[in-house]
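Bear in mind that the values in this text are calculations on the coordinates, not laboratory data. Remember, predicted model here, so these are calculated numbers, not experimental data. FYI the Cβ positions are ideal-geometry reconstructions off the backbone, even for glycines, and counts take in every protein chain you see.
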Amino acid sequence: MLKVIKKYRKFITFLMIGLVYTLAYPATAHAMHIMEGMLPPRWCIFWYAVSLPFFIYGLYRMYKIVNSGVPNAK
């Protein structure tokens with residue numbers, strides 16, 4: 001075990017320095033949060049229309065899998 005640690009000493013050192021740097025100096029996130037219930041109706045309709053085909057396709061695929069005759073699909 002000690003040989004392995006000696007072999008990868010530089011790698012482990014740089015990994016620890018990187019980890020400490022990442023945790024000590026976090027980057028500022030320029031993200032947006034939409035408050036609950038504050039999405040305008042037009043955006044709500046838009047996102048519903050965008051997600052609807054994926055939802056329908058997911059239901060279709062589940063229906064096909066359950067009715068495929070595979071023993072553990074139900």
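Numbers for the structure displayed
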{"quantity": "Intensity falloff of the chain expressed as log10 I(q)/I(0), Debye formula with alpha-carbon point scatterers, at q = 0.13 Å⁻¹", "calculated": "-0.76"}
{"quantity": "Filtered chymotrypsin sites (Phe, Trp or Tyr not before Pro), the chain: DSSP coil and at most 14 other beta carbons within 10 Å", "calculated": "Y8"}
{"quantity": "Using alpha-carbon coordinates, inclination of helix 9-24 to the longest axis of the chain, degrees", "calculated": "60 degrees"}
{"quantity": "Folded to 0 to 90 degrees: helix 41-66 orientation relative to the chain principal axis, Cα", "calculated": "90 degrees"}
